[in-house]
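Data block below; observations after.
No lab work stands behind these numbers, since they all come straight from the coordinates. Worth saying up front: this structure is predicted, and the values here are computed from it rather than measured. Cβ placement follows ideal geometry from the backbone for every residue including glycine, while neighbour counts extend to all protein chains displayed.
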Amino acid sequence: MKAILRSILIASAVLAVAACGKQEEAPKKAEAPQVLTAPTDGNEQNWKLYLAGVVKQNMEGIRNSPFMYYLPPSTVEGFEDQYLRQLDNVSDTIARTVLPGNMLAFGSPESARMGDLIVEAFKNADAGSFKGVKVLYIGKAEDEARVREAVEPSGADFIFVEAK
């Protein structure tokens, strides 16, 4: 019995000495997120890339691909039709609810219209039905409060990023 105990103590001492010889890795510095600037050139592709970049910076805790919603500039032919189709799409998604660990992301050069869309669509959300879901809205500061007010009863984690 003493031999077994002595073997355990020797093995423990050897492991302790071996561990002392290892150098600890320096903790990696967290990089500050890149500051993204909203495109002002009216190019839809640039706006979509901007939206994707902001979404990527806010993915912490998200386990699935985000639902990303975009409206083009109001100068695009057929804008109202695109708005109505997107409103139907978002309203259907919200009516079905979204599982925790997901994100709904909204962005457009038309901040007020995107805000209108979110406010209208979230009228269908049951109170508390979006707990654990992030709702990201990229828009102008003057649109934030009314959109936040429409989303918060759903229980979603509302994130606002000002499009500058």
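Overview of results
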read-out: Formal net charge of residues neighbouring residue 72 (Cβ-Cβ distance under 9 Å; K, R +1; D, E -1); value: -2
read-out: Hull shadow area, averaged, region 30-162 [alpha-carbon convex hull, nm²]; value: 7.9 nm²
read-out: Label-point gap, in nm, between residue 112 and residue 65 - each point 7 angstrom along Cα→Cβ; value: 3.4 nm
read-out: Relative packing of peptides 71-82, 93-104 - highest average C-beta neighbours within 10 Å first; value: 93-104, 71-82
read-out: Mean Cβ count within 10 Å, highest first, over the residues of peptides 158-164, 105-111, 59-65, 41-47; value: 105-111, 158-164, 41-47, 59-65
read-out: Förster radius 30 Å - calculated FRET efficiency between residue 162 and residue 95 (Cβ-Cβ, nearest 0.05); value: 0.55
